[in-house]
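Trainee: This is the structure I have questions about; it appears just below.
The values are calculated or read from the model by the stated rules, or taken from the named source; none is laboratory data. Note that this is a predicted model, so its numbers are computed, not measured. No Cβ is skipped: glycine too gets one built from the backbone with ideal geometry, and neighbour counts run over all protein chains shown.
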Amino acid sequence: MNLQDIRLKPAYDSDEDDILNDFYIPALSNSLSYWRLAGFFSSSALAVAARGILGLIKNGGTMKLVVGAKLRKADVEAIEKGMKNREQAIAEMMIRDLDSIEAEFVKDHVKALAWMVANNKLEIKVAVPLNTYAKTAEDINEGIYHQKVGILSGGNNTSNSISFSGSVNESETGWLRSIEEFKVFRGWVPGEDTYVKSDIEKFEKYWNGLAKRAIVIDIPTAVRDKLIELAPERVDELHLERHYRISGDKKLWPHQVEAIQAWVKNGFKGILAMATGSGKTLAALSACALAPSSVITIILVPTEPILDQWARKEISKFDPSGRVIICSGSHPEWKTLLPLELGLIRKAWRDYSPTNRLYVTAIMNTAASEKFLLAWKGIPAENVQIICDEVHHVGAPFFQNCMTLPSSRRIGLSATPERNWDPIGTRRIIEYFGPTIYEYGIKSAIQDGHLCHYKYYPYFAFLNKQEFEEFQKLSDEIEKEIARISTKEQEKDSLAITRKLERLLEDRARIKKKAKDKIRVFREILSRTDIRPLIVFCEDHEQLNEIKSVLKEKGVSNYLIYTSRMTDWQRKHVLDDFRKREADILLAIRCLDEGLDVPECEGCIIVASSSSTREFIQRRGRILRGLKGKSAILNDIIVVPCESIGQEDMKAAKTLVRQELERVKELAEASDNEWETRNIIRKELAKYGLEFLADI
C-alpha cells in the first residue's frame, strides 16, 4: 500500500470539500493500519467509521480505536453510590446504543466493524476522563474525552504514514453534516513528519494507559460479545453499500453496486455504459440517494415519453416520498414552480434540509433553454446532482447548453455513449460527465440472468442494379469529402463532420434501409415464424405501408402502429394495448429505439437498420426484458450486393458488406447460435469471393 499515490491536501474544510469521499474513504482504502482517537461512542460513529473499511479489510489491514464514553446522569449517580462499577456502566451505555440500531445502513456498517472485532482485526478501548468521577452528577457534561487524531499507515514506517487532526468527530454528523476542518500531515514530507511522529506518540500514550487525565480501559467483555453477535460469518457477507428498495425486500444486483462504487471512486462523476434492461436507471437513482436530501437531482432525458416514464414511474417507485417537478413544453407549469422552489433554496441553502428529496425532470430541449438555465443561477453546485439518460444526445450543439448547469455530482447513462461522427460532441460529454467508468454488456446481463437468451437469424436482401450503383456513387463522394476534411483539419486532433458529409452518409444509409428486396424477405420471415408477440422495425411510413400490404396479403389484421407522428397519449395507448395483447404485432418507426420500457415481447424483425451501433443495440434490447427461462428470436435482414457485380464493383461491395457485418458481429456474438450464424454468413459471402470478411 502506498499512501503517496493519493492526492492529499494539507487541510480540509467541509464548507468546500467533501471530506468523507475526498479524504477519508480513499485514505482508508490505501492503508494497512488505522489508529484513531475519537470523541465518543455511538453506533452511527461506528457506521461512518466503516465507510472505506472494506478496502482496509481487503488489504488485510487492522484498526485500533480509542473512543470516549459519555455516560448518562443516572449512570454517574449509580457509580457514585456504589451501585455499579465503571466497566458495567460503560458496557450498558454502549450496548444500549447497539440495541437501538434501526437503520439498515447503520446495521450493515456496524457489522463490518463487528466482523473485524470477531476476527481480531479491530481492538477498541474506552477513554474516561478522570473528572467524570471526581465531579457531581450535575457536572457530568463538563468533563469529556475530546481527542480527535487519526493515523493511517501503508506500512511499518513513518515515511508511508499520514496523520490528521482537527475538529472532525468520528461520527455521522462530524463526517457528513457539520462544518468541520482538519489538517493533514504526511510522513514523507520534511517538516510534516515531525507532526506525524508526535501524533503516533500521542496515540500510543492513550493506548498504553499512560494519559494523566483519562483512564483507558479495554472494551467491556459484554460489548465485545455483543459485537461478535452482530458479526457475519464471512467477510463476503458484508454489504458496505446502502440497501435501496424498489418494493418489499428487493435490493440492488451486484453489478449495480459495482457501478455505484465505480462512480463514487471516480469522484461522483462518470458514464455508466450498461446494457438496455440491465437496471441502469435504478443504479443511477441509488447512486444519487447517497447524497444528502438537500441535494437536488436533475434528470435530463431526450424525449417526452422517456420524461413521463422517469417522472411517473421510476422515481415514484424508487422514492415514493420524493417531490417531482416536470419540465417540458407540455408541462409549462415548471416556469412558475421551479423558480419558486429554487428561490427558497437560494435564500437559505446552508439550512436547506428537506425531509423529502426534490427531483427535477426535464427534456434536454427545455433544460438547454435560457429560462431553465437562469433559474439555477446562484444555486451552489454542491446542492445539485445530474442524471443524464441517453447521454449521447446531450452532445448535440444546442443541448450542450445543459452542460453549463451547476452540479457537483454527474451520472451519464447510455448503452453506447459515443456520438457517431461527432468527436467534438463526444469530447464535450466526457469533459462534463467524465469518462465511461463502468461497463456491463449484453453478454454479462444474459449470463447473470437479468436479460433473456436469444437466437439470431440473418436473412439476405439484395440491392438491385440501380440501388447498388447509387450506393457506389455516394461511397465515392463520401471518400472525397472525408479526404477534403482531413486535409483541411489536419492540425486538429479529430475529424469534425460537415453538413455535406452528414447528408451523404444519411443518403447512403437510406439505400440499405429501404432496399426494395426487403419486402420479399419480410414475407419469407413472416411465413417461417409463428413467434408472437412480435415487433417489426421499419424505416419510414412508405416502408411501413408496404409491410402492412404483406400483412393484409397474409390475412393478418390484428397489428398496431407506433410512430413519432402520434401524440404522447396515442403512443401510450398503443403500448398499453400491446401489453394487454390486443394485437400480436407492433409496427414501429424508430421511436422504440431507446429509453422506453416496451411490453414483454418474444421476437422482432429488423427490416430497417443502419450501421449505427446504438440503434441496433437498442432494438435488440426491446425484446430481451422479462422473459426469464425463455429464448427470444431476433430476425435481421442483411443487405448484400446484387449477384451480378463485376470486379470493378468489388470496392463498393466490400464497403457495403463491412458495414452490415458491424451489426452482425454485435448481434451474433451474444446469441445462443453464434457459430451457426457465422457459418451462414460465410456461405453467403462466398458467392462474391468475400468470405474472408466473415471472420468477424
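Trainee: Go through the stretch 540-572 and count every residue that is crowded, with 16+ Cβ neighbours inside 10 Å and in a loop (DSSP other than H, G, I, E, B).
Mentor: 1
Trainee: Within the stretch 355-380, track down each residue that is touching a residue at least 60 places away in the same chain (Cβ under 8 Å) and over 18 Å from residue 408 (Cβ atoms). Give the steps one after another, and end with the answer.
Mentor: Kept after step one, since they are touching a residue at least 60 places away in the same chain (Cβ under 8 Å), are these residues of the stretch 355-380: 355-364, 367, 379.
Of everything in the stretch 355-380, those that are touching a residue at least 60 places away in the same chain (Cβ under 8 Å) and over 18 Å from residue 408 (Cβ atoms) turn out to be 355, 356, 361, 362, 363, 364.
Trainee: Taking only the stretch 282-295 into account, find how many residues are among the β-branched types (Val, Ile, Thr) and surrounded by 24 or more Cβ atoms within 10 Å (Cβ to Cβ). Working first, answer last.
Mentor: Residues of the stretch 282-295 that are among the β-branched types (Val, Ile, Thr), as a first pass: 295.
Narrowing the set further to residues that are surrounded by 24 or more Cβ atoms within 10 Å (Cβ to Cβ) leaves none.
Adding up the residues that qualify gives 0.
Trainee: Exactly one condition in (1) touching a Ser or Thr at 6+ places or on another chain (Cβ under 7 Å); (2) more than 26 Å from residue 395 (Cα to Cα); (3) of a type outside the set (Asp, Glu) is not met by residue 307; state its number.
Mentor: Looking at each condition in turn, residue 307 falls short on (2).
Trainee: Sticking with this structure for a sec: For the stretch 467-479, name all the residues that are over 16 Å from residue 513 (Cβ atoms) and either over 41 Å from the mean Cα position of the chain (by Cα) or not in a helix (DSSP H, G or I) (or both).
Mentor: Kept after step one, since they are over 16 Å from residue 513 (Cβ atoms), are these residues of the stretch 467-479: 469, 472-473, 476-479.
Selection gives 469, 472, 473, 476, 477.
Trainee: Provide a single number: the residues in the stretch 489-539 that are part of a loop (DSSP other than H, G, I, E, B) and at pLDDT 90 or above.
Mentor: Start the filter on the stretch 489-539 by keeping residues that are part of a loop (DSSP other than H, G, I, E, B), which leaves 489-498, 514-516, 529-533, 539.
Among the residues that remain, those that are also at pLDDT 90 or above are: 514-516.
Within the stretch 489-539, residues that are part of a loop (DSSP other than H, G, I, E, B) and at pLDDT 90 or above number 3.
Trainee: What single numbered condition from (1) under 30 Å from residue 445 (Cα atoms); (2) touching a helix residue (DSSP H, G or I) at 6+ places or on another chain (Cβ under 8 Å) fails to hold for residue 316?
Mentor: Residue 316 satisfies all of (1) under 30 Å from residue 445 (Cα atoms); (2) touching a helix residue (DSSP H, G or I) at 6+ places or on another chain (Cβ under 8 Å) except (2).
Trainee: Within the stretch 193-245, which residues are polar (S, T, N, Q) and either buried (at least 16 other Cβ atoms within 10 Å of the Cβ) or modelled with pLDDT under 90 (or both)? If you could, list the steps in order and put the result at the bottom.
Mentor: Step one: filter the stretch 193-245 for residues polar (S, T, N, Q), giving 194, 198, 208, 221.
Within the stretch 193-245, just 221 meets the criteria.
Trainee: Ok, one more. Specify which of the listed residues (694, 668) is among the aliphatic types (A, V, I, L, M) and more than 23 Å from residue 522 (Cα to Cα). Write out each step before concluding.
Mentor: Working: 668 fails: more than 23 Å from residue 522 (Cα to Cα).
On inspection, the qualifying residue turns out to be 694.
Trainee: On to the next question. If you check residue 429 against the conditions, is it surrounded by 22 or more Cβ atoms within 10 Å (Cβ to Cβ) and in contact with a strand residue (DSSP E or B) (Cβ under 7 Å, 6 or more places away or on another chain)?
Mentor: Considered against the rule, which asks whether it is surrounded by 22 or more Cβ atoms within 10 Å (Cβ to Cβ) and in contact with a strand residue (DSSP E or B) (Cβ under 7 Å, 6 or more places away or on another chain), residue 429 comes out as yes.
Trainee: Hey, another quick one. Among the residues of the stretch 635-647, is any part of a loop (DSSP other than H, G, I, E, B), surrounded by 22 or more Cβ atoms within 10 Å (Cβ to Cβ) and either of a type in the set (Ser, Thr, Tyr) or modelled with pLDDT of 65 or more (or both)?
Mentor: yes
Trainee: Testing residue 407 on (1) part of a loop (DSSP other than H, G, I, E, B); (2) without any contact (Cβ under 8 Å) to a residue 24 or more places away in the chain, one condition comes back false. Which one is that?
Mentor: Exception for residue 407: condition (2).
Trainee: Continuing with the same structure: Being over 20 Å from residue 513 (Cβ atoms) and β-branched (Val, Ile, Thr) is the filter; apply it to the stretch 651-696 and report the residue that is modelled with the lowest pLDDT.
Mentor: Checking each candidate, the answer is 696.
Trainee: Testing residue 575 on (1) of a type in the set (A, V, I, L, M); (2) part of a strand (DSSP E or B); (3) closer than 20 Å to residue 303 by Cβ, one condition comes back false. Which one is that?
Mentor: Condition (2) is where residue 575 drops out.
Trainee: Would you mention how many residues in the stretch 460-478 are surrounded by 19 or more Cβ atoms within 10 Å (Cβ to Cβ) and farther than 14 Å from residue 645 by Cβ?
Mentor: 2
Trainee: If we only count helices (runs of 4 or more DSSP H) wholly inside the stretch 332-381, which ones have 3 or more residues that are crowded, with 17+ Cβ neighbours inside 10 Å and either modelled with pLDDT under 90 or of a type in the set (Asp, Glu) (or both)? Steps first, answer last, please.
Mentor: Details: elements: 334-347, 364-367, 370-375.
Helices (runs of 4 or more DSSP H) meeting the threshold: 334-347.
Trainee: Now for a different question. For residue 284, which of the numbered conditions (1) in the same structural domain as residue 53 (by TED's automatic domain parsing); (2) modelled with pLDDT of 85 or more fails to hold?
Mentor: Only one criterion in (1) in the same structural domain as residue 53 (by TED's automatic domain parsing); (2) modelled with pLDDT of 85 or more is unmet by residue 284, namely (1).
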